[in-house]
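These notes concern the structure reproduced below.
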Amino acid sequence: MKIAPSILAADFARLAAHIASVGPEADLLHVDAMDGHYVPNISLGSPVVASLRAATEKYLDCHLMVSNPGSLLESFAAAGANGITVHVEVGDTDALLGRIGDLGCDVGLTLEPATPFDAVEPYLARLQTLLIMSVKTGFGGQSFISGVLDKVRMAVKIRAERGLSFEIEIDGGINAETGALAAAAGVDILVAGTAVFGQPDPQAAARSIRDAAMAASAACA
Ligand code: DX5
Ligand code: ZN
(Lines give C-alpha, C1' and ligand atoms only; values in the text may rest on other atoms or scores of the structure.)
(Ligands and ions follow the chains in the order given, each with its own letter.)
Protein backbone atom coordinates (compact mmCIF):
# COMPACT_ATOMS: atom_id res chain seq x y z
CA MET A 1 0.00 0.00 0.00
CA LYS A 2 1.38 3.37 -1.03
CA ILE A 3 0.33 6.74 0.34
CA ALA A 4 0.40 9.76 -1.96
CA PRO A 5 -0.23 12.98 -0.03
CA SER A 6 -1.80 15.60 -2.31
CA ILE A 7 0.01 18.91 -2.09
CA LEU A 8 -3.20 20.71 -3.07
CA ALA A 9 -3.96 20.73 0.66
CA ALA A 10 -0.45 21.81 1.67
CA ASP A 11 0.63 25.29 2.68
CA PHE A 12 2.04 26.70 -0.57
CA ALA A 13 3.99 29.37 1.33
CA ARG A 14 6.07 26.67 3.02
CA LEU A 15 5.68 23.82 0.59
CA ALA A 16 9.10 22.18 1.03
CA ALA A 17 8.80 22.14 4.82
CA HIS A 18 5.21 20.89 4.75
CA ILE A 19 6.16 18.05 2.38
CA ALA A 20 9.16 17.14 4.50
CA SER A 21 6.88 16.93 7.54
CA VAL A 22 5.26 13.75 6.14
CA GLY A 23 8.68 12.07 6.17
CA PRO A 24 8.86 8.44 5.06
CA GLU A 25 5.08 8.06 5.24
CA ALA A 26 4.83 9.73 1.81
CA ASP A 27 5.64 7.14 -0.85
CA LEU A 28 4.76 9.55 -3.67
CA LEU A 29 3.68 13.17 -3.83
CA HIS A 30 0.46 13.81 -5.71
CA VAL A 31 0.60 17.08 -7.67
CA ASP A 32 -2.76 18.45 -8.86
CA ALA A 33 -2.62 20.80 -11.83
CA MET A 34 -5.89 22.64 -12.53
CA ASP A 35 -6.40 25.12 -15.35
CA GLY A 36 -9.58 27.00 -14.46
CA HIS A 37 -11.17 25.53 -17.60
CA TYR A 38 -11.47 21.75 -17.32
CA VAL A 39 -12.22 22.44 -13.65
CA PRO A 40 -13.26 25.82 -12.22
CA ASN A 41 -10.24 25.99 -9.92
CA ILE A 42 -6.64 27.03 -10.68
CA SER A 43 -3.81 25.41 -8.73
CA LEU A 44 -0.26 25.17 -10.09
CA GLY A 45 1.87 24.45 -13.13
CA SER A 46 5.28 23.15 -14.13
CA PRO A 47 7.30 25.88 -12.30
CA VAL A 48 6.00 24.45 -9.04
CA VAL A 49 6.94 20.93 -10.19
CA ALA A 50 10.48 22.19 -10.90
CA SER A 51 10.70 23.70 -7.40
CA LEU A 52 9.41 20.48 -5.87
CA ARG A 53 11.97 18.49 -7.88
CA ALA A 54 14.75 20.61 -6.37
CA ALA A 55 13.33 20.16 -2.87
CA THR A 56 12.62 16.41 -2.75
CA GLU A 57 13.64 13.06 -4.18
CA LYS A 58 10.09 11.74 -3.90
CA TYR A 59 8.18 10.44 -6.90
CA LEU A 60 6.12 13.31 -8.34
CA ASP A 61 2.74 11.97 -9.45
CA CYS A 62 1.25 14.71 -11.63
CA HIS A 63 -2.51 14.72 -12.18
CA LEU A 64 -3.48 17.07 -15.00
CA MET A 65 -7.03 18.38 -14.59
CA VAL A 66 -6.72 20.53 -17.70
CA SER A 67 -8.57 20.74 -21.01
CA ASN A 68 -5.45 20.63 -23.15
CA PRO A 69 -2.86 18.43 -21.43
CA GLY A 70 -1.00 18.04 -24.73
CA SER A 71 0.33 21.57 -24.34
CA LEU A 72 1.81 20.81 -20.91
CA LEU A 73 3.39 17.37 -21.20
CA GLU A 74 6.86 18.54 -22.26
CA SER A 75 7.11 21.19 -19.57
CA PHE A 76 5.94 18.85 -16.81
CA ALA A 77 8.37 16.14 -17.91
CA ALA A 78 11.24 18.65 -18.16
CA ALA A 79 10.37 19.99 -14.71
CA GLY A 80 10.87 16.53 -13.23
CA ALA A 81 7.48 14.81 -13.17
CA ASN A 82 7.87 11.04 -12.67
CA GLY A 83 4.36 10.11 -13.69
CA ILE A 84 1.75 12.07 -15.64
CA THR A 85 -1.95 11.26 -15.53
CA VAL A 86 -4.48 12.68 -18.00
CA HIS A 87 -8.27 12.54 -18.05
CA VAL A 88 -10.00 10.27 -20.53
CA GLU A 89 -12.75 12.91 -20.69
CA VAL A 90 -10.52 15.40 -22.59
CA GLY A 91 -10.10 13.02 -25.54
CA ASP A 92 -7.10 12.33 -27.79
CA THR A 93 -6.18 9.62 -25.30
CA ASP A 94 -4.17 7.42 -27.67
CA ALA A 95 -1.82 10.22 -28.63
CA LEU A 96 -1.50 11.63 -25.12
CA LEU A 97 -0.58 8.28 -23.57
CA GLY A 98 2.00 7.71 -26.31
CA ARG A 99 3.58 11.09 -25.74
CA ILE A 100 3.78 10.66 -21.96
CA GLY A 101 5.63 7.38 -22.46
CA ASP A 102 7.92 8.89 -25.09
CA LEU A 103 8.88 11.60 -22.61
CA GLY A 104 10.09 8.90 -20.23
CA CYS A 105 7.32 9.37 -17.67
CA ASP A 106 5.05 6.74 -16.20
CA VAL A 107 1.74 6.74 -18.05
CA GLY A 108 -1.45 7.43 -16.12
CA LEU A 109 -5.08 7.67 -17.13
CA THR A 110 -8.02 8.73 -14.99
CA LEU A 111 -11.78 9.03 -15.11
CA GLU A 112 -14.37 11.10 -13.29
CA PRO A 113 -16.85 9.40 -10.94
CA ALA A 114 -19.60 9.88 -13.56
CA THR A 115 -17.58 8.32 -16.40
CA PRO A 116 -18.18 4.60 -16.96
CA PHE A 117 -15.26 2.19 -16.64
CA ASP A 118 -15.65 1.24 -20.32
CA ALA A 119 -14.05 4.57 -21.25
CA VAL A 120 -10.62 3.53 -19.88
CA GLU A 121 -10.88 -0.21 -20.51
CA PRO A 122 -9.25 -0.15 -24.01
CA TYR A 123 -6.12 1.59 -22.66
CA LEU A 124 -5.33 -0.54 -19.61
CA ALA A 125 -2.43 -2.46 -21.20
CA ARG A 126 -0.60 0.82 -21.84
CA LEU A 127 -0.79 2.19 -18.31
CA GLN A 128 1.50 2.23 -15.31
CA THR A 129 -1.27 3.89 -13.30
CA LEU A 130 -5.04 3.81 -13.46
CA LEU A 131 -6.36 6.66 -11.31
CA ILE A 132 -9.94 6.24 -10.18
CA MET A 133 -11.47 9.53 -9.05
CA SER A 134 -13.61 9.21 -5.95
CA VAL A 135 -14.79 12.83 -6.06
CA LYS A 136 -15.66 15.08 -8.99
CA THR A 137 -12.39 16.83 -9.75
CA GLY A 138 -11.78 20.46 -8.93
CA PHE A 139 -11.47 20.83 -5.19
CA GLY A 140 -9.97 19.14 -2.16
CA GLY A 141 -12.00 18.40 0.92
CA GLN A 142 -15.00 16.72 -0.75
CA SER A 143 -16.74 13.54 0.44
CA PHE A 144 -15.75 10.12 -0.87
CA ILE A 145 -18.13 8.58 -3.44
CA SER A 146 -18.22 4.91 -2.47
CA GLY A 147 -19.90 3.83 -5.72
CA VAL A 148 -16.55 4.13 -7.53
CA LEU A 149 -15.29 1.08 -5.64
CA ASP A 150 -17.09 -1.01 -8.28
CA LYS A 151 -14.59 0.40 -10.79
CA VAL A 152 -11.71 -0.59 -8.52
CA ARG A 153 -13.00 -4.15 -8.33
CA MET A 154 -13.44 -4.22 -12.11
CA ALA A 155 -9.87 -3.00 -12.62
CA VAL A 156 -8.51 -5.64 -10.24
CA LYS A 157 -10.40 -8.36 -12.09
CA ILE A 158 -9.37 -7.29 -15.59
CA ARG A 159 -5.75 -6.78 -14.52
CA ALA A 160 -5.61 -10.38 -13.30
CA GLU A 161 -7.44 -11.80 -16.32
CA ARG A 162 -5.14 -10.03 -18.78
CA GLY A 163 -1.92 -10.41 -16.80
CA LEU A 164 -1.43 -6.63 -16.65
CA SER A 165 0.60 -4.74 -14.09
CA PHE A 166 -0.77 -1.20 -13.77
CA GLU A 167 -1.25 0.16 -10.28
CA ILE A 168 -4.69 1.25 -9.12
CA GLU A 169 -4.77 4.65 -7.46
CA ILE A 170 -7.74 6.39 -5.89
CA ASP A 171 -8.15 10.13 -5.35
CA GLY A 172 -10.66 12.19 -3.42
CA GLY A 173 -12.09 12.10 0.09
CA ILE A 174 -9.57 9.55 1.33
CA ASN A 175 -9.02 9.26 5.08
CA ALA A 176 -8.38 6.26 7.37
CA GLU A 177 -11.97 5.06 7.05
CA THR A 178 -12.44 5.46 3.29
CA GLY A 179 -8.83 4.39 2.67
CA ALA A 180 -9.66 1.10 4.36
CA LEU A 181 -12.67 0.60 2.08
CA ALA A 182 -10.51 1.35 -0.97
CA ALA A 183 -7.77 -1.00 0.20
CA ALA A 184 -10.28 -3.78 0.76
CA ALA A 185 -11.47 -3.28 -2.84
CA GLY A 186 -7.89 -3.65 -4.11
CA VAL A 187 -6.42 -0.15 -4.44
CA ASP A 188 -2.60 0.11 -4.47
CA ILE A 189 -2.12 3.87 -4.02
CA LEU A 190 -4.17 6.16 -1.80
CA VAL A 191 -4.12 9.89 -2.56
CA ALA A 192 -4.99 12.02 0.46
CA GLY A 193 -4.88 15.79 0.70
CA THR A 194 -6.97 17.16 3.54
CA ALA A 195 -6.53 14.02 5.64
CA VAL A 196 -2.73 14.50 5.57
CA PHE A 197 -1.77 18.15 5.06
CA GLY A 198 -4.91 19.44 6.76
CA GLN A 199 -3.84 17.72 9.99
CA PRO A 200 -1.56 19.08 12.70
CA ASP A 201 0.79 16.08 12.39
CA PRO A 202 0.89 15.08 8.70
CA GLN A 203 3.25 12.16 9.28
CA ALA A 204 1.04 10.62 11.97
CA ALA A 205 -2.03 11.26 9.81
CA ALA A 206 -0.47 9.49 6.82
CA ARG A 207 0.59 6.61 9.05
CA SER A 208 -2.91 6.17 10.40
CA ILE A 209 -4.30 6.00 6.85
CA ARG A 210 -1.65 3.42 5.94
CA ASP A 211 -2.31 1.35 9.08
CA ALA A 212 -6.07 1.29 8.46
CA ALA A 213 -5.55 0.38 4.80
CA MET A 214 -3.05 -2.39 5.56
CA ALA A 215 -5.37 -3.89 8.17
CA ALA A 216 -8.24 -3.84 5.67
CA SER A 217 -6.23 -5.48 2.89
CA ALA A 218 -4.88 -8.14 5.26
CA ALA A 219 -8.43 -8.92 6.36
CA CYS A 220 -9.39 -9.48 2.70
CA ALA A 221 -6.34 -11.59 1.80
C1 DX5 B 1 -9.37 16.76 -6.58
C2 DX5 B 1 -7.88 16.45 -6.63
C3 DX5 B 1 -7.45 15.64 -5.47
C4 DX5 B 1 -7.52 16.40 -4.15
C5 DX5 B 1 -7.81 15.43 -3.05
O6 DX5 B 1 -9.77 17.41 -7.72
O7 DX5 B 1 -7.57 15.70 -7.79
O8 DX5 B 1 -6.16 15.10 -5.64
O9 DX5 B 1 -6.34 17.08 -3.85
O10 DX5 B 1 -8.09 16.14 -1.90
P11 DX5 B 1 -8.81 15.46 -0.64
O12 DX5 B 1 -7.94 14.33 -0.20
O13 DX5 B 1 -8.87 16.59 0.33
O14 DX5 B 1 -10.16 15.00 -1.12
ZN1 ZN C 1 -5.60 14.57 -7.88
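A few notes on this one:
- Here's the list of aspartates and glutamates a cross-link from LYS157 could span, going by alpha-carbon distance under 16 Å and ignoring same-chain residues fewer than 8 apart: ASP118, GLU121, GLU167, GLU169, ASP188.
- Considering only the chain, percent of DSSP beta bridges that pair antiparallel, nearest 5: 5
- Those lysines that a straight Cα-Cα span of less than 16 Å connects to LYS136, excepting residues fewer than 8 apart in one chain: LYS151
- For segment 156-211 and segment 111-140, distance of Cα centres in Å: 15
- Peptide ranges 45-52, 175-182 listed from the most packed, as the mean C-beta count within 10 angstrom indicates: 175-182, 45-52
- Cut-off 16 Å (backbone N to label point 7 Å along Cα→Cβ of GLU74), residues of segment 27-59: 46-47
- Annotation: ASP211 carries an accessible surface of approximately 90 Å², with a 1.4 Å probe and no ligand, DNA or RNA atoms counted.
- Other residues whose C-beta falls under 11 angstrom from the C-beta of ALA119 contribute a net charge of -3, scoring Lys and Arg +1 and Asp and Glu -1.
- Charge context of ALA204, other residues only, Cβ under 13 angstrom, K/R +1, D/E -1: -1
- Those lysines that a straight Cα-Cα span of less than 22 Å connects to LYS58, excepting residues fewer than 8 apart in one chain: LYS2
- Charge sum, other residues only, whose C-beta stays under 11 Å from GLY70's C-beta, Lys/Arg counted +1 and Asp/Glu -1: -1
- Rolled with a 1.4 Å probe across the full set of protein chains, the surface gives SER165 an accessible area near 110 Å².
The values are calculated or read from the model by the stated rules, or taken from the named source; none is laboratory data. Keep in mind that this is a model prediction, so the values were computed, not measured. Don't worry about glycine lacking a Cβ; one is built from the backbone with ideal geometry, like all the others, and counts go over all protein chains shown. The protein model used for the area step is the full one, side chains on, heavy atoms only, and it has no ligands, DNA or RNA in it. Shrake-Rupley method; radii C 1.70, N 1.55, O 1.52, S 1.80 Å.
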